[in-house]
Amino acid sequence: MGEQAEEVTSADSAGRWLARERYAGRDSADRAVLTGLLADIRDRVLNAARLRPGHDVLDLGAGTGLLTHAAARVVAPAGSVFAVDRSAAALAEIRTHGERIRPVVGDACHLPIADATFDRVVARSVLIYLPDLRAALREVARVLRPEGMLSAFEPVNSRRRHDASLDGVTPDEIEAIERLRSSSSPSAGPMMSFDVMPFIDAAIHAGFTTPAVDETTVTEHLSTHADVDAHLHRRPHPGAPNPVDLINRHLGAGTTARYITAWHRAFDLAADRGGITFTTPVVYLTASIGAPRYGNG
């Protein structure tokens with residue numbers, strides 16, 4: 001009972017983060033940049049999936065429907081989209097009027113769906129949070145029809161970097177903060193251990209053939225002191241506290257104050273080059289399930 005209640009709380013937290021908290025402290029220009037980035041990722045994932053009218057699609061970890069609505073428009077009028085997510089609150093944001101969209105509360109590692117139901121599975125920033133990537137991809141393979149395809153986008157947060165020089169915070173403190181980040185939520189551990197080769201390996205073990213991988217980078221900028229404040233006070237992912245609260249809770253008010261000051265000083269030093277830049281490696285993966293084989297050949 002306790003574990004079940006914890007899972008519901010975690011899922012509700014994810015729904016709030018997707019709907020509201022990831023935008024906290026962002027001005028209209030910054031929101032527009034984030035919205036544009038998400039739209040670019042959406043379009044690339046769906047284009048790689050080669051959707052066609054009549055396809056049945058699973059949006060795995062659908063959240064508030066970024067991929068769902070666009071996929072539904074492509075597969076109309078006869079196709080359908082199942083939007084699966086652990087968060088009922090997130091799924092409640094999905095519009096289903098006039099489109100063949102079915103929101104389903106479910107776990108990616110135990111999908112409440114019959115075998116060979118879908119022509120395509122699409123996913124964006126969901127597999128990184130799963131403690132058992134192989135189990136999740138086995139489920140994806142199970143619900144795909146023969147010659148079905150997975151198209152996914154995932155960031156590699158363990159290799160995310162910034163160019164801020166945090167003078168006044170010691171290397172030991174930086175290391176301690178990184179350890180705290182890696183255990184800041186139930187999903188932080190899987191997220192920080194996710195990388196490209198284990199992803200490819202899990203896909204192959206699940207039965208996908210020759211995954212095609214494109215690695216690139218996404219850049220984000222802190223362009224004002226207000227951006228710095230928003231970054232320090234915004235929850236970085238569902239279930240995690242914001243950096244200021246995390247550091248204050250575990251390392252104390254003194255370290256927290258020096259950490260905040262160091263970021264603002266770093267911004268002053270970086271202002272002439274446009275501010276502080278974050279660079280995150282990301283991976284787009286597509287992979288197919290082979291056609292069934294008959295006889296001994």
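The values are calculated or read from the model by the stated rules, or taken from the named source; none is laboratory data. Note that this is a predicted model, so its numbers are computed, not measured. Cβ atoms come from the backbone with ideal geometry, glycine included; neighbour counts cover every protein chain shown. What goes into the accessible areas is simple: the full protein's heavy atoms, side chains included, and nothing from ligands, DNA or RNA. Shrake-Rupley method; radii C 1.70, N 1.55, O 1.52, S 1.80 Å.
Worth pointing out:
- Failed condition for residue 177, given (1) within 30 Å of residue 47 (Cα to Cα); (2) open to solvent by less than 10 Å² (accessible area, probe 1.4 Å): (1)
- Residue 183 vs. criteria closer than 19 Å to residue 87 by Cβ, modelled with pLDDT under 95 and of a type in the set (Ser, Thr, Tyr): no
- Count of residues meeting criterion [at positive phi, buried (at least 24 other Cβ atoms within 10 Å of the Cβ) and more than 20 Å from the chain's Cα centre (by Cα)] in region 51-92: 0
- Within region 200-233, the set of residues being closer than 28 Å to residue 33 by Cβ, polar (S, T, N, Q) and assigned to a strand (DSSP E or B) comprises 216, 217, 219.
- Residue check for residue 279: of a type in the set (S, T, N, Q), touching a Lys or Arg at 6+ places or on another chain (Cβ under 7 Å), open to solvent by 40 Å² or more (accessible area, probe 1.4 Å) and outside any helix (DSSP H, G or I): yes
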